[in-house]
Amino acid sequence: MGRRRLAREVALQALYVADVSRTPAEEAFAIVVRLDDGELDAETREFARGLALGTLARVEELDGLIAARAQNWALNRMAAVDRNVIRLAAFELLARPETPIGVIIDEAVEIVRKYSAEEATRFVNGVLDGLKALRAAPSSDAGA
């Protein structure tokens with residue numbers, strides 16, 4: 001598994017802990033990292049930390065954006081794993097413009113395939129397809 005995928009999975013685990021147990025962001029991340037079996041190098045840990053803490057810092061904003069695009073699905077009705085994978089990908093779409101949209105969506109779908117039900121892949125892909133428009137398009141007059 002690639003280091004970025006591993007970082008996203010660690011971030012998801014921290015988001016899940018924070019979500020279901022109402023644990024503060026830093027503490028949730030520390031709990032997950034404490035369980036590391038030596039697979040996380042410093043760079044991967046820092047990327048995971050940035051994703052997890054960044055997502056949790058903007059969770060209300062992200063939830064509003066997700067709710068507007070997840071037709072007929074209240075966030076509290078979504079499976080916790082699915083909800084947090086979508087939050088993580090939405091954060092990455094907004095805050096990590098250097099990561100291609102396709103990579104973010106593909107990674108989210110593969111992670112949800114690993115941690116949730118197979119049917120969730122279509123749901124997550126559909127919601128993220130609606131969210132990809134959040135990524136600001138490059139300005140056509142950037143050189144002017």
Between residue 58 and residue 134, with labels modelled 7 Å along Cα→Cβ, what's the label distance in nm to one decimal, could you check?
0.7 nm
Expected sort for 101, 31, 66 with the fewest Cβ neighbours (10 Å cutoff) up front is 31, 101, 66
Which value in Å is the Kirkwood Rh of region 3-134 over different Cα pairs?
14.5 Å
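Considering Cα pairs under 8 angstrom that are at least six residues apart, work out the relative contact order of region 1-47 and quote it in whole percent.
Details: 26 pairs, mean separation 21.4, N = 47.
Computed over region 1-47, the figure is 46 percent.
Pulled fully out, how much extra length does the chain show between residue 34 and residue 80, if you take 0.36 nm times their separation in residues and subtract their Cα-Cα distance?
14.4 nm
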Expressed in angstrom and rounded, the centroid-to-centroid distance over alpha carbons for region 47-91 and region 96-134 is 11 Å
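Restricting to DSSP H runs of at least four residues, report the calculated mean residue ellipticity at 222 nm for the chain, -39500 (n - 2.57) per run over all residues, nearest 500 deg cm²/dmol.
Working: 7 runs with 99 residues, N = 144.
That comes out to -22000 deg cm²/dmol.
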Output the relative contact order of region 16-144, whole-number percent, from Cα pairs under 8 angstrom with separation of 6+ residues.
22 percent
Given 14-21, 57-64, the highest-first ranking by average Cβ count within 10 Å works out to 14-21, 57-64
Full-extension gain in nm, residue 43 to residue 3, via 0.36 nm per residue minus C-alpha separation:
13.5 nm
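Values quoted throughout were computed directly from the atomic coordinates according to the rules given, and no laboratory measurement underlies them. Only a predicted model underlies this, so the values are computations on that prediction, with no experimental measurement involved. FYI the Cβ positions are ideal-geometry reconstructions off the backbone, even for glycines, and counts take in every protein chain you see.
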